[in-house]
């Protein structure tokens with residue numbers, strides 16, 4: 001198994017893309033810490049599903065945008081496992097409004113959760129990974145970071161920052177045997193997509209040559225590849241998984 005004996009943390013891991021990543025990692029031998037903030041029922045269901053397969057994950061609720069909470073969570077992981085090998089930053093939120101009408105707190109909250117939080121978890125994990133001289137990080141960005149989208153200036157800025165953060169991490173951490181890469185999902189069948197109106201779904205499908213929305217498992221395939229030794233010479237890159245979407 002690809003990740004036998006490895007310890008992983010997946011933020012926003014209770015549903016959607018995060019849950020798909022958790023399943024892949026657990027089935028490939030990793031011990032996974034599943035972070036969530038409000039999705040306890042989803043996290044419990046995920047743990048129960050994997051338990052039926054004889055697999056155990058650790059549920060770790062904390063606010064990824066809170067510095068002390070992140071440091072406490074990392075300390076717990078190290079206390080229980082002694083190491084952290086894999087980090088996936090998937091947690092994210094949206095609060096849409098056009099720039100001229102966007103409340104300050106909508107900007108602040110999205111930047112805090114979608115950009116500051118990955119910085120906090122990467123910083124906490126990097127300290128241990130540097131001592132280990134090994135580790136792999138995958139941060140989840142968005143096509144919005146590349147193309148922009150009306151009403152999502154906060155989300156686009158945050159996810160663009162994630163790409164820049166990832167590239168810089170790769171430059172800083174490569175000499176310690178640590179890899180950092182980024183995945184850009186297109187439109188994926190998740191709870192976030194369900195909030196779109198049928199009109200908007202039809203419009204977005206028109207941009208996708210593959211003619212369908214992606215599945216969380218297809219994003220998880222890319223994430224776990226980048227975390228694995230199969231991607232040992234891939235560093236600081238951004239892998240887009242969007243069905244060929246026209247930006």
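Summary of values
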read-out: On Cα atoms only, tilt of 67-81 relative to the major axis of the chain in degrees; value: 40
read-out: Label-to-label distance, nm, for residues given as residue 191 and residue 40 (7 Å Cα→Cβ offset); value: 1.4
read-out: Order of 23, 40 - criterion: other Cβ atoms within 10 Å of each residue's Cβ, fewest first; value: 40, 23
read-out: Cα centroid separation, the range 1-71 to the range 160-219 (Å); value: 19
read-out: Inter-label distance for residue 81 and residue 164, nm, one decimal - labels placed 7 Å from Cα along Cα-to-Cβ; value: 3.1
read-out: Kirkwood Rh, angstrom, the range 127-247 [1 / mean 1/r, Cα pairs]; value: 15.4
read-out: Computed Rg/Rh of the range 7-241, alpha carbon atoms with Kirkwood Rh; value: 0.95
read-out: Choice from 145, 26, 164 with maximal GNM fluctuation in the chain (Cα, 10 Å cutoff); value: 164
read-out: Extension reserve of the residue 130-residue 174 stretch, reckoned as 0.36 nm per residue once the Cα distance is removed; value: 14.9 nm
read-out: Kirkwood Rh in Å, taken over all unlike Cα pairs in the range 49-155; value: 15.7
read-out: Cα gyration tensor, the range 105-152 - rounded (a/c under 1.5), prolate or oblate; value: oblate
read-out: Value at 222 nm in deg cm²/dmol, rounded to 500, when DSSP H runs of n ≥ 4 in the chain each add -39,500 (n - 2.57); value: -14000 deg cm²/dmol
read-out: Computed over the chain: relative contact order in percent, which uses C-alpha pairs under 8 Å that are six or more apart; value: 19
read-out: Helix 16-27 vs. the chain, principal-axis angle (Cα, 0 to 90°, nearest 10); value: 30
read-out: Within a Gaussian network of the chain (alpha carbon springs, distance under 10 Å), most fluctuating of 54, 82, 161; value: 54
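None of the figures in this text is laboratory data; all of them are computed from the coordinates on show. Every value quoted in this text rests on a predicted model; they were computed, and no experiment measured them. Neighbour counts run over all protein chains shown; Cβ positions are idealised from the backbone, glycine included.
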